[in-house]
Amino acid sequence: MGAEVVAPECHGGEDGAPAPALIDGERHQLYDRLVGALRDYGAQSGRMVEVFASAQQMHRTDLHALLVIMNTQRDGRCATPKVLTEALNLTSGAVTGVVDRLVRSGHVERETDNFDRRQVKLVHRAPAMAVARDFLEPLGSRMEQLMASYSTDELATVERFLSGATQVLTEHVRALGGLPKDV
């Protein structure tokens, strides 16, 4: 028989008190189910990206670039080709091709920065938002129904876990050289 895999200890509640411990076998089974659920969610999320990109006659990379541009703007930052180069881990030439396709398709506009005329800003256009909203609205409704079945405390726990899992994954990808330090 091989060495037993021991899951890390539960983090406590927000008050710092330890979470109730599960019996080792129970905890291991729960850990396996959580990891499996995350893996399945990631796979389905990837499929959703493919379906959406295909429906818009876009390449997956173009869709990822559009999402980076939209999220960057949402966060109050300026989206630039350099931001895309770093976020997508692409060469500047590849980013130019992606941006050219997004501009041709009407999803993005290039704008000259008012303070530095050498700097090009990438701005998503209203049609890009409308297309995403129309495509994703049914999913959003179904997710809202699912979330309605959980208490506020349960949702807070799920959010805390998913945020932590995302941070762990981001740090791991960065350590493998897949992300620069500031992305």
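Of all residues in the range 165-175, those that are within 20 Å of residue 45 (Cα to Cα) and either at pLDDT 95 or above or surrounded by 12 or more Cβ atoms within 10 Å (Cβ to Cβ) (or both) total 4. Among the residues that make up the range 87-100, is at least one of them on the phi < 0 side of the Ramachandran plot, in contact with an Asp or Glu (Cβ under 7 Å, 6 or more places away or on another chain) and either of a type outside the set (Val, Ile, Thr) or at pLDDT 95 or above (or both)? Within the range 87-100 (the criterion being on the phi < 0 side of the Ramachandran plot, in contact with an Asp or Glu (Cβ under 7 Å, 6 or more places away or on another chain) and either of a type outside the set (Val, Ile, Thr) or at pLDDT 95 or above (or both)), the answer is yes, since at least one residue qualifies.
One residue stands out among those in the range 64-102 that are free of Cβ contacts under 8 Å to residues at least 40 places away in the same chain and of a type in the set (Asp, Glu): the one that is surrounded by the fewest Cβ atoms within 10 Å (Cβ to Cβ), which is 75.
Go through the range 65-74 residue by residue and tally those that are more than 14 Å from residue 129 (Cβ to Cβ) and at pLDDT below 90. Residues meeting the conditions: 0. Figure legend. Inter-residue proximity from the range 136-147: first residues modelled with pLDDT of 95 or more, second residues not small (Gly, Ala, Ser), beta-carbon distance below 7 Å, spacing 6+ or different chains. Indicated pairs: 147/155. Within the range 147-159, the set of residues being under 16 Å from residue 37 (Cβ atoms), part of a helix (DSSP H, G or I) and not hydrophobic (A, V, I, L, M, F, W, C) comprises 154, 157, 159.
For residue 108, the requirement of being over 15 Å from residue 52 (Cβ atoms), modelled with pLDDT of 90 or more, surrounded by 14 or more Cβ atoms within 10 Å (Cβ to Cβ) and touching a Ser or Thr at 6+ places or on another chain (Cβ under 7 Å) is not met.
Residue 116 meets the conditions (1) of a type in the set (Asp, Glu); (2) under 28 Å from residue 54 (Cβ atoms); (3) outside any helix (DSSP H, G or I) in every case but one. The failed one is (2). Scanning the range 79-117 for residues that are over 13 Å from residue 59 (Cβ atoms) and among the basic types (Lys, Arg) yields 82, 110, 117. Of the set (1) exposed (fewer than 11 other Cβ atoms within 10 Å of the Cβ); (2) at pLDDT 95 or above; (3) not aliphatic (A, V, I, L, M), all apply to residue 154 but (1).
Can you work out which of the residues in the range 111-127 that are within 24 Å of the chain's Cα centre (by Cα) and farther than 11 Å from residue 69 by Cα is surrounded by the fewest Cβ atoms within 10 Å (Cβ to Cβ)? Ranking the candidates gives 126 first. Annotation note: Cβ proximity below 6 Å between a residue of the range 44-55 that is more than 14 Å from residue 133 (Cα to Cα) and a residue that is loosely packed, with under 13 Cβ neighbours inside 10 Å (sequence gap 6+ or interchain) occurs for no pair.
The values are calculated or read from the model by the stated rules, or taken from the named source; none is laboratory data. Being a predicted model, the structure only gives us computed values, none of them experimental. Don't worry about glycine lacking a Cβ; one is built from the backbone with ideal geometry, like all the others, and counts go over all protein chains shown.
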